[in-house]
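What follows is one structure encoded as structure tokens, with my remarks underneath.
Coordinate-derived values only; no laboratory data. Computed from a predicted model, the values in this text were never measured in an experiment. Please note: Cβ atoms are built from the backbone with ideal geometry, for glycine as well, and neighbour counts cover all protein chains shown.
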Amino acid sequence: LTSAGITFTSHSFPDHYVFLPRDIDFKAPVLMPEKDAVKCTQFATQQHWFVPVNATLDVQFTQSLLTLLEKKYDR
């Protein structure tokens with residue numbers, strides 16, 4: 001967002017936080033990661049938006065992980 005020139009106020013919450021309506025009750029639009037948005041579906045409004053987070057694993061990491069799993073499970 002910053003690189004796009006958007007000014008915002010960041011609010012951090014710990015992992016596995018149980019959100020309450022007051023946690024996201026702001027006059028301005030609220031952007032949150034998709035994993036947090038699913039915890040807010042009961043009280044989110046039209047001003048609450050989620051941002052999908054996509055992870056792309058390195059090819060070498062993926063191959064190493066598959067090799068370890070194959071060894072562990074004798075495949």
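Listing Lys71, Lys27 from the residue with the fewest other Cβ atoms within 10 Å to the one with the most, what is the order?
Lys27, Lys71
Can you pull out the chymotrypsin sites (Phe, Trp or Tyr not before Pro) in the chain whose DSSP state is coil and whose Cβ has at most 12 other Cβ atoms within 10 Å?
Passing both the DSSP loop test and the Cβ count: Phe8, Tyr17, Phe26, Tyr73.
List every residue whose amide H lies under 5 Å from the amide H of Phe50, counting only residues 5 or more places away in sequence or on a different chain, with H placed 1.01 Å from N in the peptide plane.
Amide H to amide H, under 5 Å and 5 or more residues apart or across chains, Phe50 pairs with Met32.
Run the reach check for Lys39 against aspartates and glutamates, Cα to Cα strictly under 20 Å, same-chain hits fewer than 8 apart removed. What comes back?
List returned: Asp15, Asp23, Asp25.
Percent relative contact order of segment 17-72, based on C-alpha pairs within less than 8 angstrom and at least six residues apart?
32 percent
Ranking Asp74, Asp23 by Cβ neighbours within 10 Å, fewest first, what do you get?
Asp74, Asp23
Rounded to the nearest 20 debye, what is the charge dipole size of the chain about its Cα centre when +1 sits on each Lys and Arg Cβ and -1 on each Asp and Glu Cβ?
Charge dipole, the chain, about its Cα centre: 60 debye, nearest 20.
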